[in-house]
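Report on the following structure.
Please treat every number below as a calculation from the coordinates, not as lab data. In this text, all values refer to a predicted model and were calculated from it rather than measured experimentally. In this analysis, Cβ positions are derived from the backbone assuming ideal geometry, glycine residues included, and neighbour counts consider all displayed protein chains.
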Amino acid sequence: MIGAIIGDVVGSLYEYNNIKEKDFVWFKEGSYATDDSIMTVAVAKALLDSKEDYSDLSEKTVYWMRYFGCKNPNGDYGQAFKQWLESENPEPYESYGNGAAMRISPVGWFASNMDQLKELSRKVTEVTHNHPEGIKGAEAVAACILLCRQGKSKEYILKYVHYNYYPMSFRIDDIRKSYTYDVTCQGTVPQAIRAFLESKSFIDAIQTAISLGGDSDTLAAITGSIAEAFYFYPEINQRIVSKALSFLSSEEREVVQQFKKTERIDRSLLI
């Protein structure tokens, strides 16, 4: 999930000021942790706080999203999600926005297998994004993270996504010039996954995602969440990690640290 936070903070500068190249400043005045980071922390806390059988996961997700959302009232929330946060009786609102995918990374780290991943992904997603495209977008990202944890190759992940979620027969260089702002899952998730697949390193993954333009913070959050699992946390520059986490509150950083203790990866499976 730290990869998602890094991507979000770095991309925050370029969401409304797109840059169609990979040479740019990562952190500077104006960088901030958007709703992408805040809701990622909320999902992580919900997973940590839920029962062993996850029977109350949806309930916990609603609670912690509203808790952290209300603590960050100036977050860059979509109008429908903001109304959901402020509602006395929050209900799903048939969204297929990319918010479903930008906050899902903790599920990719928490799940032990693909069946469990699909169950947990649905539970934390459908509390707001209960449209089939919203559920699919979140599940696709979480599945990529699990496959990375299992040591699957990029070629394997590409085929898995192509046959189970989205057509992936495009290249970033081919769509960069024409790609525009899109807040839907179907207009963000495949592009973010492709940015990861074409990357040479964690840093290159973030740069590739942001160079595409569009909803830069969310693209980079999704790409970064997958890239972290593939390139592995210890190999990400600690200075970058510390800088990104500095944009969170102390309470949010504590959730991140608690969650890090639960993340599992079997290095013996690496290929």
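So here's what we get for this one:
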read-out: Charge dipole (region 64-121, unit charges on Cβ, about Cα centre) - positive-most of 117, 96, 74; value: 74
read-out: Proximal lysine pairs, region 1-145, alpha carbons under 18 Å, eight or more residues apart or interchain; value: 12
read-out: Size of charge dipole - region 76-146 - debye, nearest 20, with Cβ of Lys, Arg +1 and Asp, Glu -1, no other charges; value: 240
read-out: Contour excess over end-to-end distance, with Cα ends at residue 94 and residue 181 and 0.36 nm allotted per residue; value: 29.3 nm
read-out: Cα pair count fraction exceeding 21 Å, expressed as % - region 1-66; value: 39
read-out: Simple Cβ-charge dipole of the chain, Lys/Arg +1 and Asp/Glu -1, about Cα centre, in debye nearest 20; value: 760
read-out: For region 110-227, fraction of C-alpha pairs farther apart than 23 Å, in %; value: 23
read-out: Student exercise, region 9-90 dipole from Lys, Arg, Asp, Glu Cβ charges, in Debye to nearest 20; value: 140
read-out: Cα-based Rg of the chain normalised by 2.2 N^0.38 Å, two decimals; value: 0.90
read-out: Burial ranking of peptide ranges 75-87, 29-41, 218-230 (average Cβ count within 10 Å, highest at the top); value: 218-230, 29-41, 75-87
